[in-house]
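Undergrad: After the structure tokens below, expect a handful of questions from me.
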Amino acid sequence: MKVLVINSGSSSIKYQLLDMSDETVLASGLVERIGEHNGLVRCQLFPDQNGGRQVQLEEKIPDHQSGMRRAVDLLTNGENGVIAEKSDIGAICHRVVHGGEDFQKPITINEQVIEAIEKNIPLAPLHNPANLDGIRVARELFPGTPQIAVFDTAFHQTIPDHAHIYALPYEYYQEHRVRRYGFHGTSHKYVAGECAALLGKPLEECNLITVHLGNGCSITAVENGCSVDTTLGMTPLEGLVMGTRCGDLDPAIHVFLHRQLGYDIEKIDEILNKRSGLKGICGMNDMRDIHAEISKGNERARLALAVQTYRNRKYIAAYMAVLGRVDGLVFTAGIGENDPVVREQSLQGFEMFGIKLDPQLNSRREKSPFLISAADSKVAVWVIPTNEELAIARESIEVLKSTND
Ligand code: AMP
């Protein structure tokens, strides 16, 4: 079956068409700058075959509907197209950021599901409305084709209450559902599954720590295949130091920024989400630039790296205590997959727990999973490329199978 995976944001739509008979990518693309005068639709056809062929359209894209229509046109267009008809697509799979407490797994979209995603808008005011735009447009463009929602939060719904309740007046949870939800769930679940397969054990028997370090960063403690704690919170701002997001802070800093500097809530929100993290400390949020600056002696760049990797260490060690026994530790996403220095610094001092990296293995660069721990390490440490589109497609196929059974 061919499936179209859609990640609809406020001004862009990312999409991937996969043939799930052999899990190959037929096309992968991006509609950008929706609503602006200089819209752009990019599509890489057959990217698995020597990079494939790139098709690009530049024109005004007034809304999500016209953006999605243009993307589908490129997929079905005679000479370049990768499918003959829209009806060749057997399912549309949507990434949805916040499922709140309503969704523990992916689900076929119907009116009730749409209502529940709407109900969760207060928890993800920037993301859920954009995800819903994508769902509504896809339902119009592909009437009768099953549409499945896969939630970033779903994998973390197994986190027990002692790890998801904040120490705030309890009625904020009861009345407004203020609690930890966690994000990057599709990625954590995917690499956990891959790691279990590499360890040769069923996922349900594996205790793992999955370390997702990209522009957004999070670490998850996985016990017997289930998420039992994760660093992102009610929103994707808590925990690790990210590209532009601050991660953990003394909450009284918000009060300080307001009282002492006169910042209003919108400004504080913008500072914490867009002007903090690595960028806040050294002015750069791309780890490659930070390394280049460190090699030139830039002290602030060195500090940004040190602050990020120190926070990683604290959480990895905390989750070792949460789990008691760890079978595998996985690094994934842009930084986790590509940066041996960050990996090495994030596990500095872990020899006391029996975790040892092999410097030579750690310096390898591969597109497929590779082991980086030393032969005598008590815990296997892997680098496993994440693949959220494939994970979403696989989970959607499972939903379709279970509804057809
Ligand atoms: P992601 O959000 O997973 O796409 O990760 C994006 C981030 O990965 C970028 O902002 C970079 O900081 C980082 N990244 C990508 N390639 C490399 C690399 N070769 N070395 C270090 N960091 C990288």
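Undergrad: Please express the shape of the range 167-243 as an equivalent ellipsoid: the semi-axes are the square roots of 5 times the eigenvalues of the C-alpha gyration tensor, given largest first in whole angstrom.
TA: 26, 16, 8
Undergrad: Of Ala130, His188, Pro369, which is farthest along the charge dipole of the chain in the positive direction, counting Lys and Arg as +1 and Asp and Glu as -1 at C-beta?
TA: It is Pro369.
Undergrad: Okay, moving on. Using amide H atoms built 1.01 Å from N in the peptide plane, name the residues 5+ places from Asp229, or on other chains, whose amide H lies under 5 Å from its own.
TA: So Asp229 has HN proximity to Ala221.
Undergrad: Now, a different point. Cross-link partners among lysines for Lys105, C-alpha distance below 19 Å, same-chain residues fewer than 8 apart left out?
TA: Lys119, Lys189, Lys401
Undergrad: Then there's this: Where in the range 1-66 are there trypsin sites (Lys or Arg not before Pro) that are in a DSSP coil and have at most 14 other Cβ atoms within 10 angstrom of their Cβ?
TA: Lys60
Undergrad: Take the Cα gyration tensor of the range 1-72, multiply each eigenvalue by 5, square-root it, and list the three semi-axes largest first, rounded to whole angstrom.
TA: The three semi-axes for the range 1-72 are 23, 13, 8 Å.
Undergrad: If I take all pairs of Cα atoms in the range 114-244, what percentage of them are more than 26 Å from each other?
TA: In whole percent, the share of Cα-Cα pairs in the range 114-244 beyond 26 Å is 32.
Undergrad: Karplus couplings for the range 82-99 from phi (6.51 cos²θ - 1.76 cosθ + 1.60, θ = phi - 60°), rounded to Hz, Gly and Pro as x?
TA: So the J values, rounded to whole Hz, are 9, 9, 7, 9, 4, 6, 5, 7, x, 7, 10, 10, 10, 7, 10, 6, 10, x.
Undergrad: Could you give the Stokes-Einstein D for the chain in µm² per second, using the C-alpha Kirkwood radius, 10 °C, 1.306 mPa s?
TA: The Stokes-Einstein estimate is 71 µm²/s.
Undergrad: Under the rule of at least 5 residues apart or a separate chain, name every residue whose amide H is placed under 5 Å from the amide H of Thr24.
TA: The list, which skips near neighbours in sequence, is Asp19.
Undergrad: Let me check against my output: what whole-number percent is the relative contact order of the range 171-244, with C-alpha pairs under 8 Å and at least 6 apart?
TA: 30 percent
Undergrad: Please report the relative contact order for the range 27-174, taking Cα pairs under 8 Å with a sequence separation of at least 6, and give it as a percent rounded to a whole number.
TA: Rounded, it is 21 percent for the range 27-174.
Undergrad: Quick one: putting +1 on the C-beta of Lys and Arg, -1 on the C-beta of Asp and Glu, what dipole do you get for the chain around its Cα centre, in Debye to the nearest 20?
TA: 920 debye
Undergrad: In addition: Going Cα to Cα from Lys201, which aspartates and glutamates come in below 19 Å? Please leave out same-chain ones fewer than 8 positions away.
TA: Glu223, Asp327
Undergrad: For the chain, calculate the relative contact order in percent as a whole number, restricting contacts to Cα pairs under 8 Å that are 6 or more residues apart.
TA: Once normalised by length, the contact order is 13 percent.
Undergrad: Set Lys and Arg Cβ to +1 and Asp and Glu Cβ to -1, take the dipole of the range 296-394 about its Cα centre, and tell me which of Ala301, Ala321, Ser346 lies farthest positive.
TA: Highest projection toward the positive end goes to Ala301.
Undergrad: Going through the range 47-122, which GluC sites (Glu not before Pro) have at most 15 other Cβ atoms within 10 Å and a DSSP loop state?
TA: Glu59, Glu79, Glu85, Glu101
Undergrad: Under unit Cβ charges (Lys, Arg +1; Asp, Glu -1), what dipole magnitude, rounded to 20 debye, does the range 248-397 have relative to its Cα centre?
TA: 320 debye
Undergrad: For the range 311-400, state which trypsin sites (Lys or Arg not before Pro) are in a DSSP loop and have at most 11 other beta carbons lying within 10 Å of their beta carbon.
TA: Here the trypsin sites (Lys or Arg not before Pro) that fit, given the DSSP loop and packing criteria, are Arg325, Arg365, Lys367.
Undergrad: Below 20 Å, Cα to Cα, which lysines can Lys60 reach? Residues fewer than 8 away in the same chain don't count.
TA: Once the sequence-local lysines are set aside, what remains near Lys60 is Lys14.
Undergrad: Any chance you could list P(r) for the range 200-322, counting all Cα-Cα pairs in 10 angstrom bins from zero, rounded to whole %?
TA: P(r) for the range 200-322, in whole percents per bin: 13, 36, 30, 16, 4, 0.
Undergrad: Go ahead and run the numbers for FRET between Tyr310 and Thr145, Cβ-Cβ distance against an R0 of 60 Å, rounding to 0.05.
TA: My answer for the efficiency is 0.80.
Undergrad: Largest first and in whole Å, give the semi-axes of the range 286-405's equivalent ellipsoid, each being the square root of 5 times a Cα gyration tensor eigenvalue.
TA: Equivalent-ellipsoid dimensions as semi-axes: 30, 20, 14 Å.
Undergrad: Something else now. Given Gly39, Leu17, Met68, which one lies farthest toward the positive end of the charge dipole of the range 9-75, if we put +1 on the Cβ of every Lys and Arg and -1 on the Cβ of every Asp and Glu?
TA: Gly39
Undergrad: May I ask you to give the average projected area over all directions of the convex hull of the Cα atoms of the range 111-176, in nm² rounded to one decimal?
TA: Seen from a random direction, the Cα hull of the range 111-176 projects 5.6 nm² on average.
Undergrad: Please list, ordered by chain and number, the residues whose modelled amide H lies under 5 Å from the amide H of Lys2; skip anything fewer than 5 residues away on the same chain.
TA: Excluding prolines and chain starts, which carry no amide H, the hits are Met20, Gly90.
Undergrad: What percent antiparallel are the DSSP beta bridges of the chain, to the nearest 5?
TA: Here the antiparallel bridges make up roughly 70 percent for the chain.
Computed from the coordinates by the stated procedures, all read-outs in this text should not be read as laboratory data. As the structure is a prediction and not an experimental result, all values here were calculated from the model. Every residue, glycine as well, gets a Cβ built from its backbone with ideal geometry; the counts of neighbours run over all protein chains shown.
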